[in-house]
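Below you'll find the structure, written out as structure tokens, and then a few comments.
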Amino acid sequence: MELNTVQHDALVELLNIGFGRAGASLSKLTQQRVLLDVPNVAVHPVTHLNRSLGKLINERVASVHQVFTGPVAGDALLLLDPMAAATLTELLTDVPPLPSTDLDPSAREVFTEVGNIVLNACIGTFGNMLEVPVSFSVPEVDVTNVHTVIDRMLDSGDALRYALVITAGFRLRESAVTGYVVIVLTVQSLKRLLDALDRWQRLQG
């Protein structure tokens, strides 16, 4: 299953709306302007996810993971290189991170909140478009090997089949940090999403 050009462009447009809301929430939280961009979206079978992410991000990642449930259900991840995650938290808080290969407790708290806001904005936008309620689990943060993060998530449900991989660009204080949002969906949930996307696109036209 792949996105056609119309679906890709519509999904990028829709996610930019959601990321705009996330940026506004982060701006309000930090009292500084935070912008988020969605330059690209791709769909991958979950069996290709480790390989496709391996081309985008280093072996070790900082991740925020949330499970969402409802008519559209699955897993959502925010992934950043640990250095990028530390840089982002420093830009947001003005507090330099402690020298460590992992995020210190303060940085983990900030990164968890960033992930919570960004992932809720993405999935919440889908829920609004589909006019269905979506519930979220408590976000979990970790710093580990990217393959460990993906394998742990995929082991939680054998019905998960496809992953939306969204490039997320954070811009603040004339700095830019790139992360990735991964949304893993069942075949049925992805079909519902794409059908709703087609309806939404027709209404926009």
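Which numbered condition trips up L92, out of (1) more than 18 Å from V143 (Cα to Cα); (2) open to solvent by 60 Å² or more (accessible area, probe 1.4 Å)?
Result: L92 fails condition (2) only.
Residues checked against (1) touching a residue at least 12 places away in the same chain (Cβ under 8 Å); (2) touching a strand residue (DSSP E or B) at 6+ places or on another chain (Cβ under 9 Å):
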site	(1), (2)
E2	yes, yes
D9	no, no
N16	yes, yes
A24	no, no
V34	yes, yes
A42	yes, yes
R51	no, yes
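Which of the strands (runs of 3 or more DSSP E) contained wholly in the range 30-91 include at least 1 residues that are hydroxyl-bearing (S, T, Y) and out of contact with any Cys (no Cβ under 9 Å at 6 or more places or on another chain)?
Result: 60-69.
If you go through the range 172-200 one residue at a time, how many are assigned to a strand (DSSP E or B) and exposed (fewer than 15 other Cβ atoms within 10 Å of the Cβ)?
Selection size over the range 172-200: 2.
Could you tell me how many of the residues in the range 83-106 are within 27 Å of Y162 (Cβ to Cβ) and out of contact with any Gly (no Cβ under 9 Å at 6 or more places or on another chain)?
0
Within the range 3-22, can one find any residue that is out of contact with any Pro (no Cβ under 7 Å at 6 or more places or on another chain), open to solvent by 40 Å² or more (accessible area, probe 1.4 Å) and not in a helix (DSSP H, G or I)?
Yes; the residues of the range 3-22 include at least one that is out of contact with any Pro (no Cβ under 7 Å at 6 or more places or on another chain), open to solvent by 40 Å² or more (accessible area, probe 1.4 Å) and not in a helix (DSSP H, G or I).
Can you tell me which residue is nearest to V181 (Cα to Cα) among those in the range 104-159 that are assigned to a loop (DSSP other than H, G, I, E, B) and within 17 Å of the chain's Cα centre (by Cα)?
Per the criteria, the residue is P139.
Which pairs turn up if I take residues in the range 57-75 that are within 18 Å of L185 (Cβ to Cβ) and open to solvent by 60 Å² or more (accessible area, probe 1.4 Å) and look for partners that are among the β-branched types (V, I, T) and not in a strand (DSSP E or B) with beta carbon separation below 8 Å, at least 6 apart in sequence or on another chain?
T69/V134
The values are calculated or read from the model by the stated rules, or taken from the named source; none is laboratory data. Keep in mind that what you see is a predicted model, and the values were worked out from it rather than measured. In this analysis, Cβ positions are derived from the backbone assuming ideal geometry, glycine residues included, and neighbour counts consider all displayed protein chains. Areas reflect the complete protein model, heavy atoms only, side chains present, ligands, DNA and RNA absent. Shrake-Rupley method; radii C 1.70, N 1.55, O 1.52, S 1.80 Å.
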